[in-house]
């Protein structure tokens with residue numbers, strides 16, 4: 001693959017996710033209080049479900065979101081952490 005082809009592919013990928021990234025950025029500009037991340041948990045769960053992987057579990061220890069993925073002969077777990085601080 002040439003450099004031009006790589007950049008073109010990256011550009012197509014950016015175009016596909018640009019609207020989501022803008023929506024997420026608007027969301028984090030007005031963060032929810034700790035242990036009250038209802039909208040954030042919903043945003044993460046909806047996105048994980050849109051990926052059509054295996055299982056999305058919500059309400060883990062409050063508003064936690066976990067994705068279980070069966071792949072490559074094993075079970076992988078992705079945890080959506082919402083307690084990130086932007087400074």
Out of 53, 75, report the one residue that is touching a strand residue (DSSP E or B) at 6+ places or on another chain (Cβ under 8 Å), assigned to a loop (DSSP other than H, G, I, E, B) and free of Cβ contacts under 8 Å to residues at least 24 places away in the same chain.
53
Take residue 47 and tell me if it is farther than 15 Å from residue 77 by Cα and surrounded by 13 or more Cβ atoms within 10 Å (Cβ to Cβ).
yes
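Computed from the coordinates by the stated procedures, all read-outs in this text should not be read as laboratory data. These numbers come from a predicted model, not from an experiment. Reconstructed Cβ throughout: ideal geometry from the backbone, glycine too, with neighbour counts over all protein chains shown.
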